Amino acid sequence: MKLWIYVLRRLALTIPVLLGVTIITFCLSYGMGDPLAPYVTEKTTPEQYEILEEKLGVNDPIQVQYVTYLRNVITFDWGYSKVINQDVSEALRDKFAATLELSILAFIVAVGTAIPLGIFSSIRQNRWEDHSIRLFALAGSAIPIFWFALFLQYFFTINFPDWEIVGRRDILFWEITDPIEIKTNFLLIDAIAAGSWPHFLDALKHLILPATVLAYGSMATIIRLMRGNMLDVLGQDYIRTAKSKGLTENQVTYKHGAPNAMIPTVTLLGMGFAGLINGSVLTETIFTWPGLGAWAITAMRSLDVSAILAYTLFSAFLYIIANLIVDILYAFLDPRVELGGHSSIAEMLVVSLSILMLLVTFLSINVAVWFGLLILISLIFLGSVAIGKRLWENPDDLWIVFLFSGTLFVVLSILSGFFMTIIYVSTFVYILYLGYSWKDVKEGLAPKFDEFKRAVYQIKRNPLTILGLFLVLSLLSIAIFAPWLAPPSETQRDPMRMEEHFEFNYNHQPPCYFSCTAESGEEDGYILGSTDRGYDIYYGIVWGSRTSLDVAVKVVFTGTFIAVVIGAVSGYYGGRVDDIVMRITDVFIAIPGLVLALAIIAVTGDNSIEMLMYSLIIVWWPGFTRVIRAEALRIRKLPYIEAAKAAGASDFRIIFKHVLPNCITSIIVIATMDMGGIVLSLAALGFLGFGGGADLAEWGKLVSFGQDDILKGEWWSFFFPGLAVALWALGFYLLGDGVRDILDPKQRN
Amino acid sequence: MLEIKDLKTNFNTYDGVVKALDGVNLSIKDGEIFGLVGETGSGKSVTAYSVLKLLPKTAEIVAGKIILNGEDITDATEDRLRQIRGGEIGIIFQDPLSALNPVMTVNEQVGEILVLHQDAEINKLAYEKEIPVYKSEKWKSSPGVEFTIMAICISFISLFTMIGQFTFGLPFLFVIGIMFLRDYLQKEVPESALDLMVIEALSRVKLPNPKQIASSYPHELSGGMQQRVMIAMALAGKAKMLIADEPTTALDVTIQAQILQLIKDIQKEENMSVLLITHDLGVVAETCEKVAVMYKGKIVEEASVDQIFTNPQHEYTKALLNAIPKGGKERLKVPEIGEAGAI
């Protein structure tokens, strides 16, 4: 009985989140230039234009527009998609089956292989089996999904020329040679319903490649999670108890270890589902799979707004449902979870207000507008009164205001060019400081030396960390020494922009590696080949490392700054501040990252690399904030914080002297790994054709040039740039893993 | 009963080899409560874990002999060791909450050891009373799996209904129907022999309402109840020896006394041997007949309880006794002594 109350409560809590998501999608549509542009052609008469204006309510005030939008959303009137000439809600129904069939198969493959592999890896810890599984998993996280897909396509084109590498079915066979009725649009189920083995085989044959591609990334994450949880569980006391009962090693592992390790793994399966949605955008585009993802990309390329918004909203909806199921499953798996819950008055108020808002919207737009405005104004009023009261009563808390303005300053200076100057100046000042107090520094270093020796020992014990360090250092030096490694030609104005060559002996050139110098002594040919437009791939890779470094550093630094400040303050103070921050992050996290970033870029119509950076920051900060906040929340309950409080330390001091240093490990590890993750996202966006012009030296973009030439057997133009992305990500992931091992005191034994 | 001769166990750590046990000699007779005292890190627990080979991976036994009922089990095979664990020697630990598996009910955890070591008994009971041997609910998995199946079925039904092809949802509806039918048919199932044995094991450690406790999870019980469940588990395999590794450290003082009394009672009833590991001399005085004092991986003194308290021989034992706080007197520290002498 209690469980049903829990389920109902979780269901009710999704409503405010969904409402928040509609606000974001509405902001997206409002941020777009001319809302009428997609509907207008040269033939549109002024009268028709006015009718359109009337119909779409362009001239209405913003609140009326939002409520109208909300009403359309809840009545499933999601607009008209011009790229496929179909109503959006109809299109969703048609295409959802294709995406779902692919995702379900990928999910089954991923979970079914990852959990046994993770368990196996943990029981063979630090042996060669463990190392190879870890490398396999890390490669899965590091290899860009689109590169893996192209690689498979190339492999199958060369080795199995009969294998169709695109599409969902052999249309000739399904429609003309041997037509069967397609009822559900799940082709496997339809084939079974028709009792036709060849149809089933054909559908499965088309499914295998995209499903493998889609599964690999999620599989990698689940393997790493399962391995970590399993190692944690195997060190617990109840495992010793189980051994003392006389159980065999296998019984202990599978009966006592695995179920306990499954609990934290399951909670993150919802996140894995978001990964699938992100991945399906890329996979479907490459395999021309007639699903939601491919449709969304087509829509984004041609500014089909209602389709973009619908896709964003729908994927958020799917993600929320997946997380809902996972949460309920968690309650079933872990008997310790508290079902009663901490449902506060604020929570009930938020839920009931959201439900009321939806009801009112459904009944009357005018009332809803006033109702919404009332809620908004009272929220702002109450919030400012609460903040003002607090500051009036404790003037010491003013430091938070300064903290936030300081963060804003840092973020702005990172985004403008001012950042590097600050870095140079502070490095210089730091060196001066070191020189000034060299004696103290030397004394201070003495105890650190032992730590350092320990770290070196840890690194030596783990060859993968050395590999990561090597990869990161070599890629960074490529970025630094780019002007010497690949000198730009004299005609180039901007070295970041690649040169186009349309002459026949410049484009589609195969790589010549080390024998590029002709007999005359002149450079002839391309070291790593050239693309269809005659871009030099070697040049693109070398200078592309600068693009990657630039974007990764800026996004990670700003994201970290925002996340650390907001997360630490919100986690440390808890209460209402925390509630508000968490609800905001809930809404952002509810939309799968790549989808939101794509939607932001597509809707603003600004295809510059700066816009891509902003969108990545918007997508990135909420997840990071939640991690820091959880750490701060955990730490503030520890006895030494109580002790510091009892000793009369101020909040400022506690946060900066006690809370932050204690979560610095996770900050460093996550920031290091995100340096890799950001570049993967950047490359994915670049591959889809977003971010910077076509001639910007950027790895993902270079891969996309090679996509069309796979059938001709030109492998170099997709292979080398993708390799660079994979090595970059792998390097940072390995380094992050290694850093965690070194910094985590629990790992020392 | 148990004899340990010159046992040496090493830990391989980053800082080098640590000699946790440096030649331990012990002898525990049948039906005796033997106390092993010493400060933290003196090697008491390592001794116990060495006997059952429950040591962490970094540890290894480098020398010595462990003899159980005249049988040398130092190099016993893994199969033989599993018979000994739970079947001949039961062990209970310091913190009962972390020593019990959080996601298994008490019934499952106690039942497990019964299946391993008392299978013949369970079958006999089932034959005599004509009841099922093991789990009496058939075709039922864990709640998580049940829920997953249910969730998948419901999602598919709603999905197919949404796209207007309800007929394709029928197989899933069928599955749900079968699940409900199964639950309905098995509403009142007879208790299995295993359940009866578990309840009997729980009532042996004087747990009130054993039937209800059997169906609860560890975190739902109090600390004293959890430790009683641990003892019930350790004894369920009809072990002739119990190793209690600081069984009362994590408990309240009143509960401590109850648990010690329970161990004493059961020892008397079954004529078992008990190896009681503790750092609390009060516990030793209350419970044990014989006691050994450990210091830096060696036994420094072994004598009867009376002797230890009235006439301690070794320097360290004297220091240890002096460190017991007495009313009005200033508390003394245990001093470091240079080299621990032989017994």
- Matching residues, the stretch A:446-470, being away from chain B (no Cβ under 14 Å), in contact with a helix residue (DSSP H, G or I) (Cβ under 6 Å, 6 or more places away or on another chain) and small (Gly, Ala, Ser): A:468
- Message: Out of the strands (runs of 3 or more DSSP E) lying entirely within the stretch B:17-115, which hold 2 or more residues that are closer than 30 Å to residue A:262 by Cβ?
- Response: B:89-92
- Mind checking which residues of the stretch A:391-442 are closer than 19 Å to residue A:560 by Cα and of a type in the set (Phe, Trp, Tyr)? A:402, A:404, A:409, A:418, A:419
- Search the stretch B:96-151 for residues being in contact with a Leu (Cβ under 8 Å, 6 or more places away or on another chain) and among the aromatic types (Phe, Trp, Tyr), and hand back the single one that is surrounded by the fewest Cβ atoms within 10 Å (Cβ to Cβ). B:134
- Query: List, please: which pairs have Cβ atoms under 6 Å, are six or more places apart or on different chains, and start with a residue in the stretch A:107-130 that is assigned to a loop (DSSP other than H, G, I, E, B) and end with one that is at pLDDT below 90?
  - Reply: A:124/A:130
- Task: Just give me the residues in the stretch A:166-194 being within 14 Å of chain B (Cβ to nearest Cβ) and among the hydroxyl-bearing types (Ser, Thr, Tyr), in sequence order.
- Result: A:184
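Residue-wise test of (1) among the aliphatic types (A, V, I, L, M); (2) touching a Pro at 6+ places or on another chain (Cβ under 7 Å); (3) assigned to a helix (DSSP H, G or I).
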{"site": "A:585", "(1), (2), (3)": "no, yes, yes"}
{"site": "A:595", "(1), (2), (3)": "yes, no, yes"}
{"site": "A:607", "(1), (2), (3)": "no, no, no"}
{"site": "A:613", "(1), (2), (3)": "yes, no, yes"}
{"site": "A:617", "(1), (2), (3)": "yes, no, yes"}
{"site": "A:621", "(1), (2), (3)": "no, no, yes"}
{"site": "A:628", "(1), (2), (3)": "yes, no, yes"}
{"site": "A:632", "(1), (2), (3)": "yes, no, yes"}
{"site": "A:641", "(1), (2), (3)": "yes, no, yes"}
- Which residue, of B:250, B:214, B:244, is crowded, with 23+ Cβ neighbours inside 10 Å and either among the aliphatic types (A, V, I, L, M) or more than 16 Å from residue B:90 (Cα to Cα) (or both)? B:244
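Here's the yes/no breakdown for (1) touching a His at 6+ places or on another chain (Cβ under 9 Å); (2) within 11 Å of another protein chain (Cβ to nearest Cβ):
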{"site": "B:22", "(1), (2)": "no, no"}
{"site": "B:35", "(1), (2)": "no, no"}
{"site": "B:49", "(1), (2)": "no, yes"}
{"site": "B:81", "(1), (2)": "no, yes"}
{"site": "B:86", "(1), (2)": "yes, yes"}
{"site": "B:94", "(1), (2)": "no, yes"}
{"site": "B:101", "(1), (2)": "yes, yes"}
{"site": "B:125", "(1), (2)": "no, no"}
- Using the structure shown, decide if residue A:94 is of a type outside the set (A, V, I, L, M), within 14 Å of another protein chain (Cβ to nearest Cβ) and in contact with a strand residue (DSSP E or B) (Cβ under 9 Å, 6 or more places away or on another chain). yes
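Conditions tested, residue by residue: (1) in the same structural domain as residue A:476 (by TED's automatic domain parsing); (2) modelled with pLDDT under 85; (3) surrounded by fewer than 24 Cβ atoms within 10 Å (Cβ to Cβ); (4) under 30 Å from residue A:645 (Cα atoms).
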residue	(1), (2), (3), (4)
A:509	no, yes, yes, no
A:513	no, yes, yes, no
A:516	no, yes, yes, no
A:546	yes, no, yes, no
A:550	yes, no, yes, no
A:564	yes, no, yes, yes
A:578	yes, yes, yes, yes
A:592	yes, no, no, no
A:597	yes, no, no, no
- Message: Given the condition buried (at least 22 other Cβ atoms within 10 Å of the Cβ), not charged (D, E, K, R) and not in a loop (DSSP other than H, G, I, E, B), answer yes or no: does some residue in the stretch A:151-169 qualify?
- Response: no
- Out of the residues in the stretch A:195-214 that are farther than 28 Å from residue A:141 by Cα and out of contact with any Lys or Arg (no Cβ under 9 Å at 6 or more places or on another chain), state the one that is surrounded by the most Cβ atoms within 10 Å (Cβ to Cβ). A:200
- Message: Only one of A:241, A:265, A:283 is within 30 Å of residue B:106 (Cα to Cα), at pLDDT 90 or above and among the hydroxyl-bearing types (Ser, Thr, Tyr). Can you tell me which?
- Response: A:241
- For residue B:62, all conditions in the list (1) more than 21 Å from residue A:234 (Cα to Cα); (2) in contact with a Lys or Arg (Cβ under 6 Å, 6 or more places away or on another chain); (3) aliphatic (A, V, I, L, M); (4) within 14 Å of chain A (Cβ to nearest Cβ) hold save one; what is the number of the exception? (4)
- Task: Identify all residues within the stretch A:433-459 that are closer than 30 Å to residue A:559 by Cβ and modelled with pLDDT of 80 or more; write none if there are none.
- Result: A:433, A:434
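Here's the yes/no breakdown for (1) surrounded by 10 or more Cβ atoms within 10 Å (Cβ to Cβ); (2) more than 30 Å from residue A:579 (Cβ to Cβ):
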site: A:358; (1), (2): yes, no
site: A:367; (1), (2): yes, no
site: A:376; (1), (2): yes, no
site: A:434; (1), (2): yes, yes
site: A:439; (1), (2): no, yes
- Item | Search result, residues across the stretch A:221-276 that are outside any helix (DSSP H, G or I), farther than 18 Å from residue A:115 by Cβ and either out of contact with any His (no Cβ under 7 Å at 6 or more places or on another chain) or more than 8 Å from every other protein chain (Cβ to nearest Cβ) (or both) | A:235, A:236, A:245, A:247, A:248
- Task: Scan the helices (runs of 4 or more DSSP H) fully inside the stretch B:143-247 and keep the ones with 2 or more residues being more than 19 Å from the chain's Cα centre (by Cα) and farther than 25 Å from residue B:115 by Cβ.
- Result: B:143-162, B:170-185
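The values are calculated or read from the model by the stated rules, or taken from the named source; none is laboratory data. A quick note: this is a predicted structure, and the numbers were derived from the prediction, not measured. Here Cβ is always computed from backbone atoms with ideal geometry, including for glycine, and neighbour counts include all displayed protein chains.
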